[in-house]
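No value in this document is a laboratory result; all are computed from the given coordinates. Since the model is a prediction, treat every value here as computed from it, not as a measurement. A quick note on method: Cβ atoms are made from the backbone with ideal geometry, for glycine too, and the neighbour counts reach across all protein chains shown.
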Amino acid sequence: MLADSPSPMLAGKALSGGRSGDGEAWPRSPGRRGYAQPSSRDAGFTLIEILVVVVILAVLAAAVTIAMAGSGGERQLEREAERLQALLGYACEHAEIGGRAVGLSLVTGGFVFSQRNGDTWKPFTAGELRDRQWPANLRVELSRDGKRIEIPPQPPEMPPVICFASGELTPFRLELGLPDLALRWRLDGSIDGAVKRERRDVSR
């Protein structure tokens, strides 16, 4: 005798869903209508959401770049002020030990140390007092007795700042700055040979 098999009517109910004779619900077959299908929004981010994220990341990257650039500029400015202060101290010591005055001349793009030789000044060509270059975007202002001194393209006949063999120094004020940076470094030279360095916030 053949095994009982579900009638076509029962098989149809099992596929399409319904109720059995005792009231139990037939399960619906997967993939047919009646089951919740995932919406297009559930499938991933929308284009607008992706664009918003890209814009936010671009703004953050720009802010970090600006902050790093500003920090690097401040450090560069401080290094230049430290270097010139140290070189001026060395030049004054050299003048006292050697018995001949040493001068500092600022020129376009850098500075030159020279030693007095009779009635002339001979630039140093080697050693610590050789000529140096400023960074390309550095701004330099030199003044004496409150009067600003023009910075020429070539060293003048008489250096504007002189370390004398007696240990004295031409009083001066030198300010270093960078464009778009609300910060300056100031060097003040006094007649006793001391050179002081000071950081100044010019935004206040």
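For the stretch 92-111, the set of residues classified as buried (at least 20 other Cβ atoms within 10 Å of the Cβ) and under 32 Å from the mean Cα position of the chain (by Cα) consists of Leu104, Ser105, Leu106, Phe111, listed by residue number.
Each row is one residue, and each column tells you yes or no for (1) part of a strand (DSSP E or B); (2) without any contact (Cβ under 8 Å) to a residue 24 or more places away in the chain; (3) of a type outside the set (Gly, Ala, Ser); (4) at positive phi.
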{"residue": "Tyr90", "(1), (2), (3), (4)": "no, no, yes, no"}
{"residue": "Ile97", "(1), (2), (3), (4)": "no, yes, yes, no"}
{"residue": "Gly103", "(1), (2), (3), (4)": "yes, no, no, no"}
{"residue": "Val112", "(1), (2), (3), (4)": "yes, no, yes, no"}
{"residue": "Gly127", "(1), (2), (3), (4)": "no, yes, no, yes"}
{"residue": "Asn137", "(1), (2), (3), (4)": "no, no, yes, no"}
{"residue": "Arg148", "(1), (2), (3), (4)": "yes, yes, yes, no"}
{"residue": "Pro156", "(1), (2), (3), (4)": "no, no, yes, no"}
{"residue": "Glu175", "(1), (2), (3), (4)": "yes, no, yes, no"}
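Filtering the stretch 188-197 to residues that are part of a strand (DSSP E or B), out of contact with any helix residue (DSSP H, G or I) (no Cβ under 6 Å at 6 or more places or on another chain) and surrounded by 12 or more Cβ atoms within 10 Å (Cβ to Cβ) leaves Asp188, Gly189.
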